[in-house]
Amino acid sequence: MIENSRINSESEVPLYKQVEDLIVSDIESGIFKPGQRIPSINETSEELLLSRDTVEKAYVHLRKKGIISSVRGKGYYVNKTDVGKKLKICLVFNKLSNYKRSLYNSFVQTLGPKAGVDVFIYHYDIAEFENIIDNNLSHYDYFVILPHFRNENADIGRVIKKIPTEKVLIVDRYLDELKNYPVVYQEYDKDIQDALSQALDLLRKYDRLNLVFPTNEYYSPYIRKGFAVFCQVHQFEYRIIDTLDENNICRKEAYIIISDNDLYYLIKFIKTVGWTAGKDIGLISYNENPVKELLCEGISTISTNHDEIGQKAAEMILKKDFKHIKSPFEFIRRASL
């Protein structure tokens, strides 16, 4: 039921209240079902290394609230699962970005008043990520995690498995080592291939395709892989560019641009030399946002639906219907290609 790491002896919250909150949290998240027997006072006391009096006080409070009931000689049982408690959700991001803001807003709006959401940022660092998890194990009903790390060999699974499985939802990335966990995910290599295939007739106008993929920022390496496979299958000449500058911008070539900073640089450049996007040069930007519909009479984009990812994640929690959901990915055709 409960691991000792979920009790914080240094917290200002009384120990009995922490025990009470843990049991309520486990009921809300479905670990304990209606009518199910929960561990006895002695069992919980031993498991949490707490005094019997502390645990008993928590059980008495829960019984008075009608959350659990006792049967003489048999133990304590879950009396009701709708305990009227606002869910506490820990949303763990690798970084802040327009994409993350869209996901967050959709997630929070879908949850409505039924949950409170706290956001933590770990900046792609596995040590910082583990620190966030360790310090918050006992504080939240659910952990919604976007697992992206600069070190592809980071031991992500070991850290996430510290959290009870029933309280974890993975977002944005499918991980083989966590295949039994619910997830709303993108499939980066296949997504870019499928999206560019929808633009195949327009891409044929250009002499070469360029993926602008900066290495000073983190983006999934599977994007590069998928782009290369697409070009090889459809027999396009192609390049993958790390740093975009005027020396590698060529007329009659198309550019798939991951970073918005590179997109704005390229737009400024083509205006300076008098080129027209969609005629002299092709532009496709990664990740849709409203601004891109206005730039250069419309920037073509390839993108998942960020709002839908946040919505689907929130719906899983509200309905307690946890599963694997593949986020749709699409090409939006505009004048820049």
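Determine whether Val119 is among the β-branched types (Val, Ile, Thr), in a strand (DSSP E or B) and either crowded, with 16+ Cβ neighbours inside 10 Å or free of Cβ contacts under 8 Å to residues at least 24 places away in the same chain (or both). Steps first, answer last, please.
Working: among the β-branched types (Val, Ile, Thr): yes; in a strand (DSSP E or B): yes; either crowded, with 16+ Cβ neighbours inside 10 Å or free of Cβ contacts under 8 Å to residues at least 24 places away in the same chain (or both): no.
In short, no.
Among the candidates Ile302, Ile317, which residue alone is in contact (Cβ under 8 Å) with a residue 60 or more places away in the chain and under 19 Å from Leu91 (Cα atoms)?
Values: Ile302 fails: under 19 Å from Leu91 (Cα atoms).
Within the list Ile302, Ile317, the selection yields Ile317.
Quick test for you: out of Ile332, Ile302, Ile309, Ile270, pick the one residue that is among the aliphatic types (A, V, I, L, M) and over 23 Å from Gln186 (Cα atoms).
Every option except Ile270 fails the conditions.
Consider only pairs whose beta carbons are under 8 Å apart and that are at least six residues apart or on different chains; among these, list those whose first residue lies in segment 141-159 and is modelled with pLDDT of 95 or more and whose second residue is β-branched (Val, Ile, Thr) and in a loop (DSSP other than H, G, I, E, B).
From residues that are modelled with pLDDT of 95 or more, the pairs are Phe143/Ile163.
For (1) assigned by TED's automatic domain parsing to the domain that holds Asp26; (2) assigned to a loop (DSSP other than H, G, I, E, B), each residue gets a yes or a no:
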position: Ser69; (1), (2): yes, no
position: Leu91; (1), (2): no, no
position: Val108; (1), (2): no, no
position: Gly112; (1), (2): no, no
position: Ile132; (1), (2): no, no
position: Tyr181; (1), (2): no, yes
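Would you point out the residue of segment 3-30, among those that are surrounded by 18 or more Cβ atoms within 10 Å (Cβ to Cβ) and part of a loop (DSSP other than H, G, I, E, B), that is farthest from the chain's Cα centre (by Cα)?
Just the residues of segment 3-30 that are surrounded by 18 or more Cβ atoms within 10 Å (Cβ to Cβ), to begin with: 6-7, 15-16, 18-29.
Okay, now just the ones that are also part of a loop (DSSP other than H, G, I, E, B), so 7, 29.
Values: Ile7: 26, Ser29: 19 Å.
Going through the qualifying residues, I end up with Ile7.
Give me the residue from segment 172-200 that is over 21 Å from Phe236 (Cβ atoms) and among the acidic types (Asp, Glu) and, out of that set, surrounded by the most Cβ atoms within 10 Å (Cβ to Cβ). Give the derivation first.
Filtering segment 172-200 down to residues over 21 Å from Phe236 (Cβ atoms) leaves 172-187.
Narrowing the set further to residues that are among the acidic types (Asp, Glu) leaves 172, 176-177, 187.
Values: Asp172: 24, Asp176: 6, Glu177: 12, Glu187: 17.
Step by step, filter segment 172-200, then rank; the result is Asp172.
Go through (1) surrounded by fewer than 16 Cβ atoms within 10 Å (Cβ to Cβ); (2) at pLDDT 95 or above; (3) not aliphatic (A, V, I, L, M) for Thr301 and report which single condition fails.
Here Thr301 meets the rest and fails (1).
Collect the residues in segment 235-289 that are in a strand (DSSP E or B) and either modelled with pLDDT under 95 or within 18 Å of Ala335 (Cα to Cα) (or both), keeping them in residue-number order.
Selection gives Glu253, Ala254, Tyr255, Ile256, Ile257, Ala277, Ile281, Gly282, Leu283, Ile284, Ser285, Tyr286.
Residues Lys292, Lys312: which one is out of contact with any helix residue (DSSP H, G or I) (no Cβ under 6 Å at 6 or more places or on another chain), outside the structural domain of Ser259 (by TED's automatic domain parsing), at pLDDT 90 or above and not in a loop (DSSP other than H, G, I, E, B)?
Unique residue meeting the criteria: Lys312.
Answer yes if at least one residue in segment 150-171 is in a loop (DSSP other than H, G, I, E, B), of a type in the set (A, V, I, L, M, F, W, C), crowded, with 19+ Cβ neighbours inside 10 Å and not assigned by TED's automatic domain parsing to the domain that holds Phe322, and no otherwise.
Among the residues of segment 150-171, not one is in a loop (DSSP other than H, G, I, E, B), of a type in the set (A, V, I, L, M, F, W, C), crowded, with 19+ Cβ neighbours inside 10 Å and not assigned by TED's automatic domain parsing to the domain that holds Phe322, which makes the answer no.
The values are calculated or read from the model by the stated rules, or taken from the named source; none is laboratory data. It should be emphasised that the depicted structure is a prediction, and the values quoted were computed from it without experimental measurement. Backbone-built Cβ (ideal geometry, glycine too); neighbour counts: all protein chains shown.
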